[in-house]
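Take a look at the structure below.
The values are calculated or read from the model by the stated rules, or taken from the named source; none is laboratory data. In this text the structure is predicted, and so the values were computed from the model without any measurement. In this analysis, Cβ positions are derived from the backbone assuming ideal geometry, glycine residues included, and neighbour counts consider all displayed protein chains.
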Amino acid sequence: MRDPSRDRDAVAAATAREAGPLDRACGELLELIFGGVRAPSPEPRVSDHAECVVLSASLRGKLCDQFPELPSRRLASGERLYLVGSPARTVYSVRSGLIRTSAVSPDGQEVILGVFRPGDVLGELCLCGGGRREQATALEPSEVVELPVSELVGRLRRDPEAAVELVSLMCERLAGAYERIESLALEPVPKRLARVLLRLAQHVGESCDAGIRIAHRITQEELARMVGARREVVSGALNRLRRSGLISYSGRGPITVRPKALETFLDHDDDALGRSVLAS
């Protein structure tokens, strides 16, 4: 029987690898903003993780205006956008569809790091001149556009407003990474699953009469790779959440969540109370 702690540890390790560069980047951002913006270089290059992560703000800000002018690339469902170890010289903006990023352990375990919807940017986590540390896959037929990292870094150095925008965005992303690590270390599977479902609802959900419907059908195996548990354990937790009225789904249809009910469940620190909320 597979040790269930391996699944949790794999997710925690992948999240920690994401949080480290983000943490260092926050210090670099403050220096960039309050210490003055460096003069533009004729051939901007990314030299370390801190500079590489700095791209996120500009991508979500003014630099996004450049993406519509670029040619797009279409991906079939299940097609890889890039693989672990691929050269990291460009970033991507999702024009349509959904893209997921994931890390793969040496023994082949896949851990899902994030899901990206239209308007999101991905591929900026490790643009340091080496290979990518994660892989990206289309969850459904998708369309993306790409932009060279050198062009993005050059624009950021000339645009302090983009750096200011990045501060709040990076702090939010870093806080989310630390929240996931804390959840993996301290919370049982039902609460970890509830947090994952809330994040998916907030990011790719659509409002409906019953709550928020997760637009894309996320399989139980994919949820297990986000939660850090075996698929059969996640299946049981889903059924208990559904019997408690916190979520609803049928067959292979999408999951609908009740955000306030899930948040109330997560606010209970007492394990006995948590078990009672999940009782049949």
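Structural remarks
- Residue match in segment 242-255 (condition: part of a loop (DSSP other than H, G, I, E, B), β-branched (Val, Ile, Thr) and modelled with pLDDT of 90 or more): yes
- When GLY108, GLY61 are checked against the criterion of being at pLDDT below 90 and on the phi > 0 side of the Ramachandran plot, a single residue qualifies: GLY108.
- In the set ARG199, ARG192, ARG213, only one residue is at pLDDT 85 or above, surrounded by 19 or more Cβ atoms within 10 Å (Cβ to Cβ) and under 19 Å from VAL111 (Cα atoms); that residue is ARG192.
- Test: residue in segment 72-92 that is assigned to a strand (DSSP E or B), among the small types (Gly, Ala, Ser) and over 18 Å from the mean Cα position of the chain (by Cα): yes
- Matching option when the condition is crowded, with 20+ Cβ neighbours inside 10 Å, at pLDDT 75 or above, touching a strand residue (DSSP E or B) at 6+ places or on another chain (Cβ under 7 Å) and on the phi < 0 side of the Ramachandran plot, among LEU152, LEU70, LEU83, LEU113: LEU113
- Among residues of segment 216-234, those that are buried (at least 18 other Cβ atoms within 10 Å of the Cβ), in a loop (DSSP other than H, G, I, E, B) and among the β-branched types (Val, Ile, Thr), counted: 1
- Residues that are of a type in the set (D, E, K, R) and either touching a strand residue (DSSP E or B) at 6+ places or on another chain (Cβ under 6 Å) or surrounded by 14 or more Cβ atoms within 10 Å (Cβ to Cβ) (or both), drawn from segment 235-262: ARG240, ARG242, ARG258
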